[in-house]
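Notes follow the structure.
The values are calculated or read from the model by the stated rules, or taken from the named source; none is laboratory data. Because the structure is a prediction, the values reported are computed rather than measured. Don't worry about glycine lacking a Cβ; one is built from the backbone with ideal geometry, like all the others, and counts go over all protein chains shown.
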Amino acid sequence: MHRLRAKHGWRHPPTAHIPVDVLSQAVYMAGMTHILDATGLLCPLPVLKARKCLKALETGETLTVTTDDPAAVIDIPHFCAEAGHDLIESREHGASMVWTIRKG
């Protein structure tokens, strides 16, 4: 799975992902997994953008969110529990956290 971020110059094969604009943040689809790069955003923006992305998904589809806001460690699990989504995975990736959420 490729992560794309134009402002850092990360590249991708031209047909690997389909970009979707959500609140001017990059979201990409790879199969049934959608990817939201919320790095650089502070509370509550990562959760708000994840909620907006999840609204557009079908039940059972997954969203992978990358954050670097320390508050996300509390906010993302709380959001998932309150909204009825499954937090499938949370892991550190360098200075960032990567969250995989299945829409409930």
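Taking into account only those residues within the range 37-74 that are under 15 Å from Lys103 (Cβ atoms) and in contact with a helix residue (DSSP H, G or I) (Cβ under 9 Å, 6 or more places away or on another chain), which is surrounded by the fewest Cβ atoms within 10 Å (Cβ to Cβ)?
So in the range 37-74, the residues under 15 Å from Lys103 (Cβ atoms) come out as 47, 49-65.
Narrowing further to those that are in contact with a helix residue (DSSP H, G or I) (Cβ under 9 Å, 6 or more places away or on another chain): 47, 50-51, 54, 61, 63, 65.
Working: Val47: 22, Ala50: 26, Arg51: 14, Leu54: 23, Glu61: 17, Leu63: 24, Val65: 26.
Restricting to residues being under 15 Å from Lys103 (Cβ atoms) and in contact with a helix residue (DSSP H, G or I) (Cβ under 9 Å, 6 or more places away or on another chain), the top hit is Arg51.
Pick out the one residue from His78, His34, His85 that is surrounded by 14 or more Cβ atoms within 10 Å (Cβ to Cβ) and more than 13 Å from the chain's Cα centre (by Cα).
The conditions single out His85.
So which residues in the range 93-104 are more than 14 Å from the chain's Cα centre (by Cα) and free of Cβ contacts under 8 Å to residues at least 40 places away in the same chain, if there are any at all? Walk me through it before giving the result.
Start the filter on the range 93-104 by keeping residues that are more than 14 Å from the chain's Cα centre (by Cα), which leaves 94-95, 104.
Gly94, Ala95 - these are the residues of the range 93-104 that are more than 14 Å from the chain's Cα centre (by Cα) and free of Cβ contacts under 8 Å to residues at least 40 places away in the same chain.
Filter the range 14-61 for residues that are part of a loop (DSSP other than H, G, I, E, B), in contact with a Ser or Thr (Cβ under 9 Å, 6 or more places away or on another chain), modelled with pLDDT of 90 or more and of a type in the set (A, V, I, L, M) and give the result.
Residues satisfying the conditions are Ala38, Leu41.
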